[in-house]
Amino acid sequence: MKKNMVLNSDKIKNLKLTKRELTLISLYQTGGNKGKIHTEEICYKAFQINRELFSWNLKKFKNYPDIYSTYKALGHLREEKKVYGTKHDDPHKDGWMLTEDGLNYCNNELADFINIKKNKSTYQQSEKSFIISIKKSDYFKAWKQNNEKQLKEKSIYDIANFLKVLTSNIPRLIEKFYETKVLAKEIDENVYDFLSYIENIYTDFFNEENRNKALIKSKKILKGIL
């Protein structure tokens, strides 16, 4: 991913970026390109970048971040399929992350702004290692070699195996698949292409409708699953 320049927070708040764009930047910077980020974290980051747009309206409360502004922007971004997630009273069920469309928008339209000083969007070695580990799986090797015989023998169990998720936890399996696909988009193009292949093969399983169902289902799962 190429960035032409790096701007600090003081400069970015003076640019004519919309609340949705600033919210996307905030989500990216807090690590939304890697996993789910709590609504309040996104809200506080947006408030740090532009207090005028993301604070309470009354002057005496201008030092407080307005979570409603961020949540409203996230809701619109979800409708645009740029983010995926939900706001929930239980902090273990609350969270948002970038979709592939959202990541593409950040990398293309907002590339000059997303890397403001230090942020949590940089991939850790453990995250890179996880993506690389997929290349060691028999499923990936069969795909890479275009071995049709071996590919036909693969099943959803093989996908769960390299994603390190139990097949009994279908909602988490679906979420982990899409989280991994977004990770792979920036870390390793081959793994991303491989996961795109799987998505096309298992369209009855990996699709937007099932992903939304998984999100609803995950709200009912015990604390700590997400």
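Every number here is computed from the coordinates shown, using simple stated rules; none is lab data. Keep in mind that what you see is a predicted model, and the values were worked out from it rather than measured. Neighbour counts run over all protein chains shown; Cβ positions are idealised from the backbone, glycine included.
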Beta carbons within 10 angstrom, averaged per residue: use that to sort the peptides 125-136, 163-174, highest first. 163-174, 125-136
Want the number for Asp193 to Glu209: 0.36 nm per residue separation, take away the alpha-carbon distance, what's left? 3.6 nm
In µm²/s, what is D for the chain at 37 °C and 0.692 mPa s, where D = kT/(6 pi eta Rh) by Stokes-Einstein and Rh is the Kirkwood radius from Cα pairs? 176
Using a ≥ b ≥ c from the Cα gyration tensor of segment 125-218 (square roots of the eigenvalues), is it rounded, prolate or oblate, where a/c under 1.5 gives rounded and otherwise the larger of a/b and b/c decides, a/b for prolate? oblate
Please work out how much length the chain gains when fully extended from Lys16 to Glu79, using 0.36 nm per residue of separation minus the C-alpha to C-alpha distance, in nm with one decimal. 20.4 nm
Per the helix-only model, the chain has a calculated mean residue ellipticity at 222 nm (DSSP H runs of ≥4, -39500 (n - 2.57) each, divided over all residues, rounded to the nearest 500) of -15500 deg cm²/dmol
Label model pair Phe61, Ile201: point-to-point distance (7 angstrom along the Cα→beta-carbon line) in nm is 5.4
Report, to two decimal places, the Cα Rg of segment 134-189 normalised by 2.2 N^0.38 Å (N = number of residues). 1.16
Gain in length, Glu109 to Gln145, computed as 0.36 nm per residue apart minus the alpha-carbon separation, to one decimal in nm? 9.4 nm
Just check segment 9-108 against the gyration tensor rule for me: Cα atoms, a ≥ b ≥ c as the square roots of the eigenvalues, rounded for a/c under 1.5, and otherwise prolate or oblate depending on whether a/b exceeds b/c. oblate
Within a Gaussian network of the chain (alpha carbon springs, distance under 10 Å), most fluctuating of Lys59, Lys154, Lys141: Lys59
Net charge over other residues, Cβ less than 14 angstrom from the Cβ of Ser137 (K, R count +1; D, E count -1): +2
